[in-house]
Amino acid sequence: MKDAPSFLLIIYYDTIGYSLIIYFTGGNNMEIIKCSNLGYAYKKNKVLEDISFSIEGGEVLGILGPNGAGKSTLMTLCATLLKPTEGTITYFNDENKEIEDLRTRIGLVPQEIALYLDMTPNENLSFFGRLYGLKKDKLKKQIEVVCELTGISTKEGKKIKELSGGMKRRVNIAAALLSSPEILIMDEPTVGIDTQSRNEILNAVNSMKNSGVTVLYSSHYYDEILKVCSKILVLKDGRMTSLKERDQLKSALLNEDLLYEDNLID
Ligand SMILES: Nc1ncnc2c1ncn2[C@@H]1O[C@H](COP(=O)(O)OP(=O)(O)OP(=O)(O)O)[C@@H](O)[C@H]1O
């Protein structure tokens, strides 16, 4: 049935027994997010103009662009934390979705680390998990699942402030996954981190994709965008300069000789 929501069941076994985690994934033919002629201005400063694209269930859409292109603004709009000043964003094929409902279905990984620095990863995840209404065994299991996905040890005893930049970013992602979001919005999750953490994060995105979660992933590195995204929107000075399938972008980059040494599209 077209547009029917679908879900993924993870059956999980540990010392306490079997349990079930359900990821609602929105259905693969459904337009999960549709932006039409989207624009945004900070007061009179127009920073996004005429952006139109849609993402279907289970797709990973990459937003590629140099610093200041408007990636974070676009991600924040899609996360419902800003309101478009022009155009519209429709979620789940329904123009009348309530923002409160949407926010429970969207996970946002912000560029900044949004964690308590004096607490360990496990303490942070327990705290945020409780905010999502998870308790006891369910909370424990969900923490194990998100730690497994992001390559973190649940026994990590260091406080966030003592961890490497890469580990902090992984915990930041784990926190956004606690609520089993249908849409995951990741704003430059690999900026300034070590290769191992970067690979763990890319693996986590691939796992989310395989489990049917719809992902928006911004970066100014075309190589990682090509590794995880099925479709790529290129932004420059607040405008879309292209929207291509991964393979199309790959050949366009090669043909147009845009392979800069520092991996930037500028
Ligand atoms: N809160 C704000 N108030 C005013 N202008 C802003 C604000 N946030 C961003 N801008 C401006 O909007 C434009 C787009 O910024 P944005 O952060 O969305 O780009 P970006 O592609 O994410 O850049 P970066 O890669 O550096 O994070 C920039 O010119 C920026 O100065």
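When each of the peptides 83-93, 230-240 is scored by how many other beta carbons lie within 10 Å of its residues on average, the order from highest to lowest is 230-240, 83-93. Applying 1/(1 + (r/R0)^6) with R0 = 30 Å to the Cβ-Cβ distance of LYS43 and ALA114 gives a FRET efficiency near 0.75. Each peptide in 107-115, 156-164, 94-102 was scored by the mean count of other Cβ atoms within 10 Å over its residues; highest first, the order is 107-115, 156-164, 94-102. Simple point charges give the picture: +1 on the Cβ of Lys and Arg, -1 on the Cβ of Asp and Glu, and for segment 126-266 a dipole about the Cα centre of about 1020 debye.
Between LYS159 and TYR132, the modelled labels are 2.6 nm apart [label points 7 Å from Cα along Cα→Cβ].
Coordinate-derived values only; no laboratory data. Being a predicted model, the structure only gives us computed values, none of them experimental. Because the Cβ atoms are built from the backbone with ideal geometry, glycine has one as well, and the counts that use them run over all protein chains shown.
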